[in-house]
Amino acid sequence: MKKLRRQNFQTVSRRGLKWLESPAFARGSPILHAFSTRAGGASRKPAEGLNLGFIQSDRRTRVEENRREFLATVGANDFKLAEIHQIHSTVVMAVRLGARGRLQYLPSGYAVSRTADSRLPKGDALVTDQPGILLAVRCADCVPVLIADAYGPAVAAVHAGWKGMLEGIVEKTVGEMRRLFDSRPGRLRAAIGPCIRACCYEVGEDLAAAYCGRFVSGEKFLRRANGGDVPANRHP
């Protein structure tokens, strides 16, 4: 935790699209990654811009067009896109390439390989050590966390909401990377992406107490809103 500090993310603009890249992944062997923005894209109001999620307020064809354009622009055309149905849990899925290039999703603690059906598996973190797989999570106000082994091929993408963080989704993901890929925590690099800030996010006393009880430094992530009695989340 002492090594975590605010990073100066680089904004990359290309072909009308913009995304953020982390300097943590630029050292040594660069890792293909991106935190997308809403700049560009084919979607119309109310999902105007580069909407990459299949939602009721946007046409599926436009989302598919946005995805194709974004992946091509960041250089991920040849990757298999792995994603999950996010449920604010601590479920970690390992992703592998199976027969005929199909993606296999294996839940944490698995004993034997299994292939997911046509529906997306449920969970909130993805890990892999196989090249050619692009891990993706979608976040609105929750925290996207990307993790990579500085000395190996293992990577992870985590959707961390308040519930998942309280229950240890990031710690569990690190544990799975160590169990499956022998990735030592001390050699992992992490990038914490854009998320909601204290100006727009208030929590009650019960949630504040839960965080202070769960984390030794829990008080540092909370402050009193407008000097009053309501604790608010502080952007780390």
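The values are calculated or read from the model by the stated rules, or taken from the named source; none is laboratory data. Just so it is clear, the model here is predicted, and its values are computed rather than measured. We place every Cβ from the backbone using ideal geometry, glycine too, and count neighbours over all the protein chains shown. For accessibility, only protein heavy atoms count, side chains too; no ligands or nucleic acids. Shrake-Rupley method; radii C 1.70, N 1.55, O 1.52, S 1.80 Å.
Worth pointing out:
- Value of [θ]222 nm, deg cm²/dmol, for the chain, DSSP H segments ≥ 4, -39500 (n - 2.57) each, nearest 500: -5500 deg cm²/dmol
- Accessible area per residue, Å², the chain with all protein chains present, probe 1.4 Å: 59
- Here the chain is assigned +1 on the Cβ of each Lys and Arg and -1 on the Cβ of each Asp and Glu. Its dipole about the Cα centre then comes out at about 500 debye.
- Length gained on full extension, residue 216 to residue 56: 53.5 nm, using 0.36 nm per residue less the C-alpha separation.
- Helix runs (DSSP H) in the chain reaching 15 Å along axis by Cα, Kyte-Doolittle at least -1.0: 169-181
- Each residue of segment 153-159 was assigned a 3J(HN,Hα) from its phi angle through the Karplus expression (A = 6.51, B = -1.76, C = 1.60, θ = phi - 60°), giving x, 6, 9, 8, 10, 10, 9 Hz with x at Gly and Pro.
- Rg to Rh, two decimals, where the chain supplies the alpha carbon set and Rh follows Kirkwood: 0.96
- Sorting 147-159, 42-54, 120-132 by their mean Cβ neighbour count within 10 Å, with the most densely packed peptide first, gives 147-159, 120-132, 42-54.
- Size of charge dipole - segment 106-226 - debye, nearest 20, with Cβ of Lys, Arg +1 and Asp, Glu -1, no other charges: 160
- Placing dummy labels 7 Å off each Cα toward the beta-carbon, the span from residue 18 to residue 78 is 3.1 nm.
- Extension gain, residue 224 back to residue 206 (0.36 nm per residue minus Cα-Cα distance, nm): 5.1 nm
- Karplus-derived 3J(HN,Hα) values for segment 93-100, using 6.51 cos²θ - 1.76 cosθ + 1.60 with θ = phi - 60°, are 10, 8, 10, 9, 8, x, 4, 6 Hz; glycine and proline are entered as x.
- Efficiency of FRET from Cβ geometry, residue 10 and residue 178, R₀ 25 Å, rounded to 0.05: 0.30
- Segment 56-103: C-alpha gyration tensor shape, a/c 1.5 cut-off, then a/b vs b/c: oblate
- Its relative contact order, with pairs defined as Cα atoms under 8 Å and 6+ residues apart, puts the chain at 13 percent.
- Rounded to the nearest 0.05, the FRET efficiency derived from the C-beta distance between residue 39 and residue 88 at R0 = 25 Å is 0.35.
- Were the residues from residue 167 through residue 96 laid out at 0.36 nm apart, the gain over their Cα-Cα distance would be 23.0 nm.
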